[in-house]
1. Determine whether the stretch 410-431 contains at least one residue that is crowded, with 16+ Cβ neighbours inside 10 Å, touching a Gly at 6+ places or on another chain (Cβ under 7 Å) and in contact (Cβ under 8 Å) with a residue 40 or more places away in the chain.
2. Given the structure, is Phe369 under 19 Å from Thr151 (Cβ atoms) and without any contact (Cβ under 8 Å) to a residue 60 or more places away in the chain?
3. For the stretch 80-116, give me each residue that is under 15 Å from Gly195 (Cα atoms) and within 41 Å of the chain's Cα centre (by Cα).
4. Of Leu281, Leu232, Leu239, which residue is in contact with a Phe, Trp or Tyr (Cβ under 7 Å, 6 or more places away or on another chain) and at pLDDT below 80?
5. So which of Val135, Val162, Val114 ends up being part of a helix (DSSP H, G or I) and either within 28 Å of Gln94 (Cα to Cα) or out of contact with any helix residue (DSSP H, G or I) (no Cβ under 8 Å at 6 or more places or on another chain) (or both)?
6. Please enumerate the residues belonging to the stretch 35-54 that are under 14 Å from Cys88 (Cα atoms), aliphatic (A, V, I, L, M) and either over 27 Å from the mean Cα position of the chain (by Cα) or at pLDDT 90 or above (or both).
7. Mind checking whether some residue in the stretch 349-357 is open to solvent by less than 20 Å² (accessible area, probe 1.4 Å) and within 29 Å of the chain's Cα centre (by Cα)?
8. Could we say that Ala61 is open to solvent by less than 30 Å² (accessible area, probe 1.4 Å) and aliphatic (A, V, I, L, M) here?
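The values are calculated or read from the model by the stated rules, or taken from the named source; none is laboratory data. The structure displayed is predicted, hence computed values, not measured ones. Cβ coordinates were reconstructed from backbone atoms using ideal geometry, including for glycine residues, and neighbour counts include every protein chain displayed. SASA here: full protein model, heavy atoms, side chains in, ligands and nucleic acids out. Shrake-Rupley method; radii C 1.70, N 1.55, O 1.52, S 1.80 Å.
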Amino acid sequence: MKEKKRRLEPLSFYDHTGIEKHLVKMAQKGWMIERITNQFWTYRKIEPQTLQFAVTYYPKANDFAPSPTDAQQIFYDFSARTGWELACTWFQMQIFHSTTENPIPIDTDPVYEVETIHKACKANYLRAYWFLLIVGLVGTYFLISGLIGHTLHFFSSPSNMVIYTCAFLLFLMCAVELWTYYTWHKKATRAAEDGIFMDTPSTAPFQRVILTVLVISFALWIINLVFAKNALMVCIAALVFGAIFGTRYMGEAVKRFYKRKRLSAGLNRVLTVLTTFVFGLVLMGTALTVGTLLSKSEVFSESLRIEEAPLKVHDLMETDYQGHITLSSPDSSLLLSRLKVEQRHHFDDEPSPDIPVMKYELYQVKVPFLYDFFAGQIQRIAVLASEDGVALSEVDGAPWGASTAYQLTAADGTFIDRFVLCYEDRLVDIELNWTPTEEQMVIAGEKLDTR
């Protein structure tokens, strides 16, 4: 039978009411809390029983210290004499349990309790959440700007979708957590002045929803990579995530090791940070090295196949210029695939109207009911990316072989050589530095709409 259990518990650091109730239920199921880290809560197997739990806070506690301070030890001894045994600590949190049915409460002064919780939270918890809130806010800004200004880029990139979605979830979680805490603290302070202990609110249901959405987002990201037949990217992602989580676990292990060696809190902190940093560099370097070696193997050759540009300048005209550079940037999700191509003059050559330049973005819509939405977005973005006063005018799509075609029009009514083409399941935004002939339009349409 399993003697240890590790669980991810979505319980807030300050929520002593929720933590106490949770630990009572776990003890009734036969599990006693043994250790808490930033990743998991560890329980050990016990005989199912009804225990009482008390969560207290000691703001001056240091998680890197090899042993409790003299003041803490005196407090532990006093608590033991009143029937409370220390179960574990987590930063400034101290968890006690008692077999007595109605033990003497550890905290008897509501004002002191609220002040102590607030001081303990300011030591680590609140600072960490404010930092993560800012990180999430920056990511949310890029999410919104991406959805507005680069809608099709966003939906065709699994990586962008998962990264910015995670950033928004982080911002949302931190905002709710901080709002809930400060609201409780304000009310609890007033209640304490009247001698009333106010229970802490629980954000556990909300955090479970956030974690569920997060897991679903990562699952969809992996599914996107698998269906895109990008096995190499799946392997590299696994290696990178393994390195990240391995570094976090190493940090905890190193800290506990130095505590057992009785190093001072300051020296433990410095050595833990340095050891973890070096270990993280080694792991990330190993992951990148393995990824590079995999990229050179025949097994993943299909993943590295560069998609050929379907349309090039020489398909449309004969030109004496031989220095064209073709830049290709493909991306694909379960919703939309994108191929960005730019065929331009060589970097060493001066731009000239005599050198034909062409760039286009080709999208394939994979979910039919989203076609109208994506078609509207490609039109909107083409106008948005142009100068003020530019509009999109519908033109004859027959030469392009398109069901619908649009051309940008300047404020003075003159046409600009940038077109938006709508095919059965494809959308194209193409820009030229010359005015295409009807023959060129036919060739371009045949190349771009090849299925």
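1. No: zero hits.
2. Answer is yes for this residue.
3. Once the filter is applied, which keeps residues that are under 15 Å from Gly195 (Cα atoms) and within 41 Å of the chain's Cα centre (by Cα), the stretch 80-116 yields Asp107, Pro110, Val111, Tyr112, Glu113, Val114, Glu115.
4. Being in contact with a Phe, Trp or Tyr (Cβ under 7 Å, 6 or more places away or on another chain) and at pLDDT below 80 holds for just one of Leu281, Leu232, Leu239, which is Leu232.
5. The unique qualifying residue is Val114.
6. Of everything in the stretch 35-54, just one residue is under 14 Å from Cys88 (Cα atoms), aliphatic (A, V, I, L, M) and either over 27 Å from the mean Cα position of the chain (by Cα) or at pLDDT 90 or above (or both), namely Ala54.
7. No; the residues of the stretch 349-357 include none that is open to solvent by less than 20 Å² (accessible area, probe 1.4 Å) and within 29 Å of the chain's Cα centre (by Cα).
8. Numbers: open to solvent by less than 30 Å² (accessible area, probe 1.4 Å): yes; aliphatic (A, V, I, L, M): yes.
It is true that Ala61 is open to solvent by less than 30 Å² (accessible area, probe 1.4 Å) and aliphatic (A, V, I, L, M).
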